[in-house]
Amino acid sequence: MWKTVLRRVLFMIPQLFILSILIFALAKLMPGDPFTGLITPDTDPKTIEALREAAGLNDSILVQYGRWITNAFKGDFGVSYTHKIAVSSIIGQRAGNTVFLSLFTIIMTYVIALPVGLLAGRYQNSIFDKIVVIYNYISYAVPTFVLGLVILFLFGYQLQWFPTSGSVDVGVTSGTFAYFMNKLYHLILPGLTGAILGTATTIQYLRNEVIDAKQQDFVKTARSKGVPVSKVYSRHIFRNSMLPITSNIGMELVALISGSIFIETIFAYPGIGQLFIQSIGSRDYSVITALVMLFGVITLIGTLVSDILMSVVDPRIRLD
Amino acid sequence: MKKIGKKAIVALLSTTLILTGCGGGNKDGKKEDTKNVDEAEKNKFSTIVENDEKAIEGGTLQAVIATESAFKGVFSNEFQEDAFDSQLNDIALGALFTTDADFNITNDGAASLELDKEAKKATIKINDNVKWSDGEPLKAEDLIYSYEVIGHKDYTGVRYNADMTNIIGMEEYHNGKADTISGIKTISDKEIEISFEEVSPSLLVAGGGIWNSAMPKHYLKDVAIKDLQSSDKIRKNPVGFGPFVITNVVPGESIEYLPNEYYYKGKPKLDKIILNRAIPTAVVEGLKGGKYDVAILMPTEIYPTYADLENVTVLGREDFAYSYLGFKQGKWDSEKDEVVTDPKAKMADVKLRQAMGYAIDKKAIGQEYYSNLRVEATSLIPQLFKDFQNDDIKGFPYDPEKAEKLLDEAGYKDVDGDGIREDKDGKPLEIKFLSRSNGEEAEALSEYMMQEWEAIGLKVTLSSGRLVEFNSFYDKIKADDPDVDVYFGAWSVGSDPTPTGLYGRDAAFNYTRFASKELDTLLKNIASSKSFDLEYKNNAFKEWQEYMMDEAVVVPMLNYYEVLPVNKRVKGLDWSRGGTNSLSWEKIELTAEEPLK
């Protein structure tokens, strides 16, 4: 297996290289540049031209790419054109928030979805199951931004139980327990929104798998051998039903780390997704390219992790 | 203009607002109310809150800035580049000069200014009481440091412009040929003297040529100029001489301000200001629910959703911006750095341009699309510059009949009888119109305008077949794209309305590419030293405006209002123009422990 993993990792290098060429070219093909947005009657066009020259934007695209890729290899992704700080630190600031939010969302999703999905499958056609199915349809159909706004208005502004914006209150000392709790407090609403949306698919998968598994020969065999029903569910059916979920978990992580533009925008939560969209809007090339490369790496790793997990969960699948 | 461009994303959230039923409904009702609004209604807003309750001791003010995006947090006037940061800095950094309502510098602020026109020198004297928020006195070297940073070859901001090169010795310093700026001299610890190449009346206007801020040299001198913009001394712990001090920053999210105990006008009355950011629709809910006291940079597109809240007073005032129709009449010569007007351009006929202006009902657009927070513009000087307004200049009031007459006179006749006019030679005439996709009303508005033009017999089609986003828009008009004849642009002019940078022959921002000898003279008059005489200056502005209208170089469309929703527990807030042109944060008090619901 390790051989395969190594091979896959090595194969990532050309993949990322091609991605880097593509994204660099596409970013430069967009109309405008980071300085287009700076024109006001008080700014001198010559100053803007000088800044453009100093930033190397007047060089040929090959020269620019060469410079960028060499620096990127050294781990230097440059300075953000709009935020005026190093790309690594702006992504660092946001990535922390996003990872925190993603983990919270995933945990919430599974805490809700696993028991609900299993029970709904086990007691198919019961009232509980019907409620779950209806819930699923609704949460699947509701767009993120509508759900986000409803939750924000209800719990944030009407009941005022939770903070309505940001990732932490200003003035809380970083590193303390109070800081952590404050961050968690800010996570609840955006996390809940993400989790409610995430549960729909997971519950549906699990429920269907459980219903399918109930008809399988191995379950019938176990039952006829006299294994108690609860044990059949917890041992035989559960593990089999987890297969599609497991294959999905890697990609789900990827999606969450890339951030959710809607959730981050609505809750004014500074994360990666929003940073990405803003950077495209302001033509912040250095941030755009660094983020796409980051997404690329995470996606490749995510698929690999998924494959490894699959082979662990399902002995029939071997990586080599 | 930048500010206007950034508002595009509001569209998305305003749509969501209607979906969730949070106030989208009264929009139509609002439109009916505004039908009979006349000129007198323009000043319906107050700029001062009225609150007779007894103020509490101290208290925390909850401010919010309405934006989709994380703010950048560049806490330096020398480096900040957008409207959001400039608002954040306003609370803490301080300005050197105070002004009257027309932005003329009055000498009662942190520094006073004296201009010797003959010697082309300005003397700036620092008020003895002014101290930085770390207790150090404001010194001559701090004023000079601003110039030295902006002029430095490693400077990373955008403030190095013609105002800076107007200072003697600045270019030598900028090019590295001199270590200091020869035209700036220290007279004493509290006084500097600046020598200029040319003096113009702009120098006496805030933002018009003399830098209105300073940098704490004792605090910043150890940071290399190329690193200043990203340094913690500017991004986390800035030192200023404004009423409050930035004490805590969560990057992009929120800021805590505490009173500056060294503030030269006395210690502010509040204990604390907490500033958060939130999306505009959420800000409306927060205002309703008594979560916020002051909502800064509130988009006017969703004004009806917060216009009538019981616990909130909405202050309003005229903004610096105007929108306009620009007619492409030439090209930019990048060799000579000047405009070359093409007498054969499609839009070269003045009557055609005038007709297109008269064909549009600007007043109706302001009422129907912008709840009257944008009003018909009659000149290229925004209405807040009262001195330069002139009732004789009417702009292009809606008159489709006049428009048709003008076209008839100019020879644009419908030869083949299809209801569409052909050009003077009887060949088909198609005018290409470029418009931006900003805001939810953009699509409907451009449709409306094209219909109005069709009604007078002009075939106007969208350039590139659709609305374009901000960057493409400016790329196209900057490059004089042949596919653009008319465009719908906007400028935000700043506190000095001198138009040379926008309409001059050598101005790259002169996007219509129109220039003429008369215009050169008129612009020169405005900037000339004779303009120190107010009457002469007003007259010069008037003559220029008349010329621009007669030639219909551009057609002014709408003037903008800006609004500031304030919770009714706030007292002493003054948003009038004049003073330091800030919110007078130091005077603000509260009359209840929590914002009113």
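Across all C-alpha atoms in the stretch A:18-73, the radius of gyration and Dmax reach 13.1, 42 Å.
When B:E593, A:E252 are compared by accessible surface with a 1.4 Å probe, the order from highest to lowest is B:E593, A:E252.
Of the solvent-accessible surface of the stretch A:96-277, computed with a 1.4 Å probe over protein heavy atoms with every protein chain present, carbon and sulfur atoms account for 67 percent.
Note on B:289-295: average number of Cβ atoms from other chains within 10 Å of each residue's Cβ is 2. For the pair B:S576 and B:A178, a Förster radius of 41 Å applied to the C-beta separation gives a FRET efficiency near 0.45, rounded to the nearest 0.05. So, R0 is 25 Å and r is the distance between the beta-carbons of B:D392 and B:E535; what FRET efficiency does that work out to, to 0.05? That pair, B:D392 with B:E535, gives E of 0.95.
Comparing A:S286, A:S306, A:S60 in a Gaussian network model of chain A (Cα springs below 10 Å), the most mobile by mean-square fluctuation is A:S60. Using just the C-alpha positions of the stretch B:347-460 as equal point scatterers, what log10 of I(q)/I(0) does the Debye formula give at each q in 0.13 1/Å? With no solvent term, the Cα-only Debye profile gives -0.57.
Accessible area of B:H218 (1.4 Å probe, protein heavy atoms only, ligands and nucleic acids ignored): about 60 Å². Using a 10 angstrom cutoff on alpha carbons, build the Gaussian network for chain A and name the most mobile of A:I151, A:I61, A:I261. Between A:I151, A:I61, A:I261, it is A:I61 that shows the largest mean-square fluctuation. For the stretch B:233-287, the equivalent ellipsoid derived from the Cα gyration tensor has semi-axes of 24, 15, 7 Å, listed largest first. Where the alpha-carbon atoms of chain A are placed on the principal axes, they occupy 85, 56, 38 Å, in descending order.
With both labels modelled 7 Å from their Cα along Cα-to-Cβ, the A:A54 to A:R235 distance reads 7.3 nm.
For the stretch B:95-231, averaging the sequence separation of C-alpha pairs within contact (under 8 Å, six or more residues apart) and dividing by the residue count gives a relative contact order of 28 percent.
Counting Lys and Arg as +1 and Asp and Glu as -1, what is the net charge of the other residues whose Cβ lies under 11 Å from the Cβ of B:I296?
Numbers: positive: B:R277; negative: B:D90, B:D293, B:E562.
Surrounding charge for B:I296 is -2.
So which of B:K117/B:K221; A:K46/B:K125; B:K517/B:K537; B:K346/B:K478 end up more than 23 Å apart, counting from Cα to Cα? The answer is B:K117/B:K221; A:K46/B:K125. Look at the dipole of the stretch B:95-231 built from charges on Cβ: of B:T98, B:Y145, B:A178, the Cα furthest out on the positive end belongs to B:A178. The accessible area of A:I13, taken with all protein chains in place and a 1.4 Å probe, comes to roughly 110 Å².
Mean per-residue shielding of peptide B:251-259 is 5, counting Cβ atoms of other chains within 10 Å of each Cβ.
Between the alpha-carbon centres of the stretch A:54-74 and the stretch B:192-207 there is a gap of 41 Å. Distance distribution P(r), the protein assembly as shown, all Cα-Cα pairs, bin width 20 angstrom from 0: 13, 41, 33, 11, 2, 0 percent.
For B:T341 and B:D475, compute 0.36 nm times the residue count separating them, minus their Cα-Cα distance, and round to one decimal in nm.
Here the answer is 46.3 nm.
Note on the stretch A:96-277: the alpha carbon radius of gyration divided by the globular reference 2.2 N^0.38 Å gives 1.21. Dividing the Cα radius of gyration of the stretch B:302-372 by its Kirkwood radius returns 1.21 for Rg/Rh.
The angle between the Cα long axis of helix B:534-551 and the main principal axis of chain B comes to about 30°, on a 0 to 90 degree scale.
Against the longest alpha carbon principal axis of chain B, how many degrees, from 0 to 90 and to the nearest 10, is the axis of helix B:400-410 turned? Once rounded, the angle reads 60 degrees. As a length-normalised measure over Cα pairs under 8 Å and 6 or more apart, the relative contact order of chain A settles at 28 percent. Projecting the Cα atoms of B:G73, B:L315, A:F24 onto the charge dipole of the protein assembly as shown (Cβ charges, centred on the Cα centre) puts A:F24 farthest toward the positive pole.
Sorting A:M242, A:M181 on solvent-accessible area from highest to lowest, probe radius 1.4 Å, gives A:M181, A:M242. With the charge dipole of the protein assembly as shown set up from +1 on Lys and Arg Cβ and -1 on Asp and Glu Cβ about the Cα centre, the Cα lying farthest toward the positive end among the listed residues B:N510, B:P499, A:L62 is that of A:L62. Counting, for every residue in A:78-89, the Cβ atoms of other protein chains within 10 Å of its Cβ and taking the mean gives 4. Helix A:45-54 and the long axis of chain A differ in direction by around 70°, with both axes built from C-alpha atoms.
Solvent-accessible area assigned to carbon and sulfur over chain B amounts to 46 percent, based on a 1.4 Å probe.
Taking the Cα centre of the protein assembly as shown as origin and assigning +1 to Lys and Arg Cβ atoms and -1 to Asp and Glu Cβ atoms, the resulting dipole is close to 4700 debye. Counting only protein chain heavy atoms and rolling a 1.4 Å probe, the accessible areas of A:T221, A:T43 rank, largest first, as A:T221, A:T43. Hydrodynamic radius of the stretch B:95-231 by the Kirkwood approach over all distinct alpha-carbon pairs: 15.3 Å. Its residues counted as N, chain B yields a C-alpha radius of gyration over 2.2 N^0.38 Å of 1.01. In this calculation the C-beta distance from B:D154 to B:E261 is compared with R0 = 45 Å, giving a FRET efficiency of 0.85. Solvent-accessible surface (1.4 Å probe) assigned to B:R505 amounts to roughly 70 Å².
Given a cut-off of 18 Å, name the pairs among B:K331/B:K524; B:K44/B:K571; B:K185/B:K233; B:K362/B:K459; B:K72/B:K233 whose C-alpha atoms lie farther apart than that in the structure shown.
Beyond 18 Å: B:K331/B:K524; B:K44/B:K571; B:K185/B:K233; B:K362/B:K459.
Taking label positions 7 Å along the Cα-Cβ direction at both B:I48 and A:I280, the computed distance is 4.9 nm, reported to one decimal. Normalised by the number of residues in the stretch A:96-277, the average gap of Cα pairs under 8 Å and 6 or more apart makes the relative contact order 35 percent.
The values are calculated or read from the model by the stated rules, or taken from the named source; none is laboratory data. These figures come from a predicted structure and were not determined experimentally. FYI the Cβ positions are ideal-geometry reconstructions off the backbone, even for glycines, and counts take in every protein chain you see. Please note that ligands, DNA and RNA were not included when accessible areas were found on the heavy atoms of the full protein model with its side chains. Shrake-Rupley method; radii C 1.70, N 1.55, O 1.52, S 1.80 Å.
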